[in-house]
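Report on one structure; see the data block that follows.
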Amino acid sequence: MELFSITVNTRTELEKESFYRIFLDKQKALHKQCKPLKFKFSASQNRVIWTCSGKLPLTSWGMSGELLRAEISEAVTAYIAKQKEQEIAARLLQEEFEFQDGEELEQVLRCFLQLLEKDEGTSAEFARRRRQKLDRTIRQCLAESAELNLDGLLAFRLRDYEQELRELAEYAVDEYMLDQQYEEFISLLKYFVYFQEPLTPLVHVIHRGGEDLLLLDGSLKPIEAGKQEGLVMERLDQEMEVEDMVVSTLISAAPARLIIHTRQPGLPVIGTLLQIFDHRAEVCYSCQECTPFIEGLNHIGLTLHAGRDYNN
């Protein structure tokens, strides 16, 4: 007796191979749990069908209809997440939001797909809710009918699941806009520094690990955090948080030359300082001046924190 059949139209060999692999893994697991279950793959051009058959009742083998539906739903969810989710996400993004040009859409879509693939933080919570709603809908469909057409499921039955994707799309658009605003602000700071008359011959930025930065003048004396008037500095005070006092203080000091001493040149904050101060800035990986500070004499000078990850 045929218990369930799952059907899908695949457009590429990759989709077809993914369908076979995911459901083959599932049928191996199911066969271990319930020996009487029989499985079969069949295909007609791009149409692929996976069939599960068996003699009722299954309860004598420790298997119930509810448990079988749960196992099959898990495989269907895995297939949709792997082969269909990005396609659905791209469609929703284009339908729900207006973009100035194709390049902007491509950048937001790239951000969106990165969020889909993340498994931590906010993205992980979105993923958990999506999977739950997808699984719930698939189980309901299997309870209503032994034949599940995935194309029909994707077209008509995934309203709650798509709503989760819409919310993640909104989050991706917000992240993209924040990144754009940040890049514009960094460009403004770079422009300001370019035309700024130097006030201090030399400033050392000592990165002592983690989020600690130490600012010293050319005589290795601490630089006091100061205020500077003007439109750029007013906006800096409004836009930046506590950790960005590093940038604010450096702009106030207006160094003719900036040496950034660090053992971690790839950190976002180091890249930001290099971007803003451009030809005035250089990186030192180890020298006579910075080694004592980095290796332990941390009680001297002014410590500022630069903990924002500008790539997120």
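Every read-out reported here was derived from the displayed coordinates using simple, explicitly stated rules and does not represent laboratory data. This structure is a prediction, so every number in the text was calculated from the model and none was measured. So basically every Cβ, Gly included, is an ideal-geometry build from the backbone, and we count neighbours across all protein chains shown.
Peptides 45-54, 144-153, 249-258 ranked from most to least packed give 249-258, 45-54, 144-153, packing being the mean of other C-beta atoms within 10 angstrom over each peptide's residues.
R0 = 30 Å: FRET efficiency of residue 167 with residue 263, Cβ-based, nearest 0.05?
On the way: r = 40 Å, r/R0 = 1.35.
Taking R0 as 30 Å, the efficiency between residue 167 and residue 263 is 0.15.
Return the FRET efficiency for the residue pair residue 17, residue 279: r is the Cβ-Cβ distance, R0 is 51 Å, and the value is rounded to the nearest 0.05. Walk me through the intermediate numbers first.
Values: r = 52 Å, r/R0 = 1.03.
With a Förster radius of 51 Å, E is 0.45.
Gain on full extension, evaluated as 0.36 nm per residue between residue 151 and residue 199 minus their Cα-Cα distance, stands at 10.6 nm.
Over the range 2-186, what per residue volume does the convex hull of the Cα atoms give, in whole Å³? Before the final figure, lay out the partial values.
Values: hull volume 23.4 nm³, N = 185.
Hull volume normalised by residue count: 126 Å³.
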